[in-house]
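Each remark here refers to the structure printed beneath this line.
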Amino acid sequence: MHRITFTQPDDWHLHLRDNANMSSVVSASARCFARVLVMPNLKPPITTCVQALDYRQRICAALTSHFNPLMTLYLTNNTSVTEIAKAKNIEQIIAVKYYPAGATTHSEAGVTDLRRVWDVLEAMQTYDLPLSIHGEVTAASIDLFDREKVFIEYVLDPLLEHFPKLRVVLEHITTQEAVEYVSNSDANLAATITAHHLLMNRNELLTGGIHPHHYCLPVLKREKHRQALLEAATSGNPKFFLGTDSAPHAKNAKESACGCAGIYTAPAALELYAEAFEQAQALDKLEGFASFYGADFYRLPRNTKTVTLEKRTWSMPAYFAYGEEKVVPLRAGTDIYWQLVQNDL
Ligand code: DOR
Ligand code: ZN
């Protein structure tokens, strides 16, 4: 198959940053996605509806093309039930993001113990506002590679038991355990899967030297987990859908003695997913994963326009401008095998 046309996709997990950095990266996502779910981990974080709507305006102002950023609120120990009630009535705010404090980039303001926000979760269940979760424990005693598995057993499972009607997205899953847990749960739990976790295992991070541009959180896992993710993404199960977690950082901040977490995939996000699906001989399953199941989960209409991808090799630039700095994309200076050729926007 050398050319595929399918319904325009959405990205249900994206980091756009702010100001000049945001202006530099937003068009990479707008070139192919109709809607994106924008993560709130700015510094300071987006914790109120007013902040979310202001941030949304800045994003829209940076673009000329048609693009619909949907917003999240950052859950903190101080989030109020009133803010949740407000969010429920704002069409452009569709989820609340839970970062365990200390789990990842700008998560210092995250929740230290979920019991501190029990009333907020209760309200989200009542108002049917989905919870988007960074599913990793942060205890120093837990091995980095086990953070997701332990989170599922000790945090997620009790949470879902207590709030059976709360709709939850376990973001950027990385393990076989997560695939199994999500597959065996009811329809209120879904998961996003990134292109980088579908295409790379942890060897790509640490073989032949440290590759800082392959460092993200949750960290890449061993091959059997990648295989489980690939199987889930291409299964046609609507619980698994596209969320790139494209997370730009300045080149200097990545190529550093203490490089930060995040992989910038937006310039070839859809093309990279196509490569992964082709690898699994499941290109026919890409449309459901990329364009239907996320919209269905968030109870939004499916897109009606289409995009076309062609099997054609091109070279990813070594870097892009990022405000005053540079950002290095995944596959910098190397080949990408699919190309977006047209969309009837
Ligand atoms: O690798 C990551 N980068 N994982 C996250 O959870 C956050 C993200 C970021 O904001 O840079
Ligand atoms: Zn993220």
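The values are calculated or read from the model by the stated rules, or taken from the named source; none is laboratory data. What you see is a predicted model; the values in this text were computed from it and never measured. We place every Cβ from the backbone using ideal geometry, glycine too, and count neighbours over all the protein chains shown. In case anyone asks, the SASA skips ligands and DNA or RNA and just uses the protein heavy atoms, side chains included. Shrake-Rupley method; radii C 1.70, N 1.55, O 1.52, S 1.80 Å.
Of all segments of the chain bounded by trypsin sites (Lys or Arg not before Pro) found in a DSSP loop with no more than 12 other C-beta atoms within 10 Å, the longest spans 1-164. Could you sort out which of Lys149/Lys251; Lys149/Lys254; Lys285/Lys305; Lys224/Lys285 sit more than 23 Å apart by Cα distance in this structure? From Lys149/Lys251; Lys149/Lys254; Lys285/Lys305; Lys224/Lys285, over 23 Å: Lys149/Lys251; Lys149/Lys254. Cross-link partners for Lys86 among the aspartates and glutamates, with Cα-Cα distance under 13 Å and sequence neighbours closer than 8 places in the same chain left out: Asp128. In straight-distance terms, cross-link reach from Lys43 covers every one of the aspartates and glutamates whose alpha-carbon lies under 17 Å from its own, apart from those fewer than eight places away in the same chain; here that gives Asp18, Asp54, Glu108. Tell me what the chain gives for mean residue ellipticity at 222 nm when only DSSP H runs of n ≥ 4 count, each as -39,500 (n - 2.57), the sum divided by the residue total, rounded to 500 deg cm²/dmol. Rounded to the nearest 500, it is -8000 deg cm²/dmol.
Over segment 259-345, the hull volume per residue, using the convex hull of the C-alpha atoms, is 152 Å³.
Multiplying each eigenvalue of the alpha-carbon gyration tensor of the chain by 5 and taking the square root yields semi-axes of 28, 22, 21 Å, largest first, rounded to whole angstroms.
Extension gain, Asp146-Leu300: 0.36 nm per intervening residue step, less the Cα-Cα distance, totals 52.0 nm.
Antiparallel DSSP bridges in segment 3-343: what percent, to the nearest 5? In segment 3-343, DSSP labels about 35 percent of beta bridges as antiparallel. Normalised per residue, the accessible area of segment 3-343 is 40 Å², obtained with a 1.4 Å probe and no contribution from ligands, DNA or RNA.
Annotation for Lys311 and Ser183: the two label points, set 7 Å from Cα along the Cα-Cβ direction, are 2.8 nm apart. For segment 45-163, the pair-distance distribution built from all alpha carbon pairs, in bins 10 Å wide starting at 0, is 13, 41, 31, 13, 2 percent. Given a 1.4 Å probe and every protein chain left where it sits, what share in percent of the accessible area of segment 3-343 is carbon and sulfur? Ligands and nucleic acids excluded, carbon and sulfur give 49 percent. If only the Cβ of Lys and Arg carry +1 and only the Cβ of Asp and Glu carry -1, the dipole of the chain around its Cα centre is close to 600 debye.
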